[in-house]
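A short reminder: the numbers here are calculations on the coordinates, not readings from a lab. Note that the structure is predicted; figures quoted are calculated from it, not measured. Ideal geometry is used to build each Cβ from the backbone, glycine not excepted, and the neighbour counts take in all protein chains shown.
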Amino acid sequence: MIYDGVKHFPGFVNREAQESLVLALREAVLAAPLFIPLMPRTGRPFSVRMTNMGSLGWVSDRNGYRYQAAHPDTSTPWPAMPQAILEIWQKVASYPHRPEACLVNFYQGGAKMGLHQDKDEEDFAAPVVSISLGDTALFRFGGTERGGKTSTVKLASGDVLVMGGNSRLCFHGIDRVYSGTSTLLKEGGRINLTMRRVAKPN
Ligand code: MD3
Ligand code: FE
């Protein structure tokens with residue numbers, strides 16, 4: 001395996017299920033439009049656009065990173081998480097509680113994501129589960145300290161990646177997206193869904 005605690009399931013979601021996820025996402029984006037997050041302090045915009053589904057959503061603005069129950073622009077609750085996404089979590093997460101948040105990242109043009117850790121959740125015992133849709137991406141991950149050695153793996157449409165155990169606090173990012181590598185999204189680009197358990201369960 002690529003790193004202790006990482007599980008990569010290439011093609012876990014078949015084409016038909018990918019197409020139905022895209023339809024569900026089109027509905028979700030009507031209710032919760034993609035927004036451009038800003039880096040805390042600097043206010044520099046991300047190149048990735050985002051939205052969320054579920055009872056909590058991850059947002060970033062000048063004040064910092066956090067989970068909140070409402071869309072930052074419309075102030076309405078996030079749309080529900082599609083059942084198909086919860087079923088994927090139940091199959092791969094090996095964790096007995098549901099995720100509250102599904103962050104939707106949309107990569108278009110030269111969008112990428114710098115190396116970072118996901119540590120805004122209370123419960124690191126839960127993994128983060130990612131579903132890739134559309135064009136193939138070059139995913140980079142390292143250890144739990146910034147500046148260590150890193151490796152890459154390509155994530156293609158339908159791939160599921162589970163980051164649990166020792167990998168949960170690893171630095172990771174998306175170096176680039178290879179345009180024209182998938183026919184799933186008519187306009188091209190890549191969508192990544194990440195399911196997250198935010199609160200410590202009782
Ligand atoms: C490794 N997203 O949304 S998903 C993110 O493809 C994020 O959009 C990337 O990093 C994307 O925060 C990578 C794979 C992933 C997700 C969560 C992780 C890798 C992870 C959490 C811990 C370690
Ligand atoms: Fe991340």
- Query: For the chain, what is the charge dipole size about the Cα centre, in debye to the nearest 20, if Lys and Arg each add +1 at the Cβ and Asp and Glu each add -1 at the Cβ?
  - Reply: 460 debye
- Note on the structure: Sorted largest first, the Cα spans of the stretch 6-196 on the principal axes come out in Å as 40, 38, 38
- Message: Quick check on packing: order 116-122, 47-53 by the mean number of other C-beta atoms within 10 Å, highest mean leading.
- Response: 47-53, 116-122
- Note on the structure: Under a Gaussian network model of the chain whose springs join Cα atoms within less than 10 Å, the largest fluctuation of PRO40, PRO99, PRO127 belongs to PRO40
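Work out, step by step, the length gained on full extension between ASP120 and THR181: first 0.36 nm times the residue separation, then minus their alpha carbon distance; give nm to one decimal.
18.7 nm
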- Message: Please compute the length gained on full extension between GLN83 and ASN63, using 0.36 nm multiplied by the number of residues separating them and subtracting their Cα-Cα distance.
- Response: 4.0 nm
- Message: I want the local charge near MET53. Using Cβ-Cβ distances under 15 Å, sum +1 for each Lys or Arg and -1 for each Asp or Glu among the other residues.
- Response: +2
- Message: How high is the relative contact order of the stretch 6-196? Use alpha-carbon pairs under 8 Å, at least six apart in sequence, and give a whole percent.
- Response: 26 percent
- Mind listing the phi-derived Karplus ³J(HN,Hα) values for the stretch 87-98, rounded to whole Hz, using 6.51, -1.76 and 1.60 with θ = phi - 60°, and x for any glycine or proline? 5, 5, 3, 4, 6, 10, 7, 6, 8, x, 10, 7
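Excluding ARG62 itself, what net charge comes from residues whose Cβ is under 11 Å from its Cβ, given Lys and Arg +1 and Asp and Glu -1?
+1
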- Could you state the number of Å between the C-alpha centres of the stretch 129-202 and the stretch 1-52? 9 Å
- Task: Determine the alpha carbon to alpha carbon distance for each of LYS112/LYS186; LYS7/LYS154; LYS7/LYS112; LYS7/LYS91 and list only those over 18 Å.
- Result: LYS112/LYS186; LYS7/LYS112
- Item | Two-site label geometry, GLU27 and ASN202: point separation in nm, points 7 Å out along Cα→Cβ | 3.0 nm
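At a threshold of 8 angstrom on Cα-Cα distance, excluding pairs fewer than six apart, so keeping six or more, what relative contact order does the stretch 1-112 reach in percent?
It comes to 25 percent, rounded to a whole number.
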